[in-house]
Amino acid sequence: MKKLLLLVFGVTALSFSSYAQADQYNLKSQNLHKRVVKTIEHGYTYHEKSGGFVKSSVTINSYNDDGNLTQKYYVYNSTYSGSTTTTETMYHYNSDNQLTRTEDISAKKGSYSFHYEFTYDNKGRLTKKESVYKSGTRYVYNYFYDNKGRLIREEYLGSNGNVSSRSTYTYSGRKKTKVYKSYDKNGNVSATYTSYYKNDQLIRFVTQSKYSNSDSTYRYDRNDNMIATEYKNKSNSSTTYHYEYDNRDNWVKKYHKSSGKYHYFYFREIIFNNGKTTGSTNFDRNFINKHGNFANVSVVNIVPTKNTTTNNTTTNNNTTTTTYSNSDMPVFRQKNYIFNYVNLNKKVNRLNGEASIIVKDNDRMSKNATVEFVYKFGGKTYRGDYTVISYLNLKEKGYHFWSLKSKTKNATIAFSIQHKKKYIQAKDMYLAAMINISQNGKSTGFYLEE
């Protein structure tokens, strides 16, 4: 199962905007200063099994003369599986600089199976966002405002036309509170996520659900970049950030440390409309040595950690036996999710749908249990029965992990549930779980939200 990037928030807008934040892709929302036309960012992480630093990501953002993002190219190298995922997205605007359409061109350039469309009212406010398929299927997000023009509600309609999730906003001066609720198939609230903002900066995030609760706070530096994330009632789980800036207050080097054990470094080159540049994507050993004592400060090839993490492992006469405990396993007969992104053969595509996991003969996904996986997208339903092969509670990585095998075909599933939902800003999503299906040398991964 692919290991996703750790939780990173980037809400840095200086003005108090009442529009839908998820649909602003410009220099201001990215906290970039002066007339930037392109940024190139290389990310590295220290990986013990590989014996040094590995290049984990490359991000290239291009902006037009109005400062709007027009193209995003992103490559992620998984230290878990060793695989590479590439996404490329185009952004289109009207004469009023309003985002009107986004297209994922990763799968096949020039051939779009899916895209977003945006609709605005005569006051320039976003009122509807639609994901549109070639088949004609549409999924709709609706936005509502008060008489002061402030966003007060967002609703996502599932394939059946019912509200699948709803966000409400309340305001008090420069403060804003967002309450996001997801619903099960019976219309009951399954989880609540509350975000607290001050001057449009996220300062606290609280989750409440049947399976997990969390409370996080965030701090920023004078340049409005996040410098710390602190988790209530959890020791040794804080996240810190350190930056170096150019003379325009744009960061060009960033160090991200999570839970005291995960280390991420980012080096960024910034290109301006006059042709001048600041920063560099070069691997900077001096910057790295300032922030840690690593055995090898060199870039090495990835040695995947896949199939190396075990619980209660003993070795005798060159034979390794691994046992798994069900004591921490989540108890449920059925879980329902929505998804907006799917990884098709190492390329992430936008795809809206629903997924259900149904345990047929137990109250949890214990070994040998029969589990039905159901997917709905593009107006069609797909389903299959699988047998649980193994379970791991990967506490250090923050998720439960199951391996399953199909009862009827040559297919396997890797399924994981996050201990704590993670907000992924790049996708504007709260990641709850992941499914990865492997069959005949091909793989499909679903990024799941509740």
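Hey, which of these cross-link pairs are over 19 Å Cα-Cα: Lys232/Lys422; Lys181/Lys360; Lys185/Lys376; Lys55/Lys254? Write out the running numbers ahead of the final one.
Details: Lys232/Lys422 15 Å; Lys181/Lys360 27 Å; Lys185/Lys376 13 Å; Lys55/Lys254 14 Å.
Over 19 Å apart, Cα to Cα: Lys181/Lys360.
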Worksheet item: Of Lys367/Lys421; Lys276/Lys347; Lys405/Lys442; Lys346/Lys442; Lys28/Lys148, which sit over 21 Å apart, Cα to Cα?
Response: Lys367/Lys421; Lys276/Lys347; Lys28/Lys148
Discussion item. I'd like the Karplus ³J(HN,Hα) series for the range 436-450: coefficients 6.51, -1.76, 1.60, θ = phi - 60°, whole numbers in Hz, and an x wherever there's a Gly or Pro.
Written reply: 10, 9, 10, 7, 6, x, 10, 9, 9, x, 10, 9, 9, 10, 9
Discussion item. At 7 Å along Cα-to-Cβ for each site, give me the label-to-label distance between Asn233 and Lys380 in nm.
Written reply: 4.5 nm
Fill in: By average C-beta atoms within 10 angstrom, highest first, the peptides 263-270, 189-196
263-270, 189-196
Discussion item. Under the 0.36 nm per residue contour assumption, what length would be gained going from the current alpha-carbon distance of Thr194 and Gln439 to full extension?
Written reply: 84.3 nm
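Every number here is computed from the coordinates shown, using simple stated rules; none is lab data. What you see is a predicted model; the values in this text were computed from it and never measured. Positions of Cβ are backbone-derived with ideal geometry, glycine not excepted, and every protein chain shown enters the neighbour counts.
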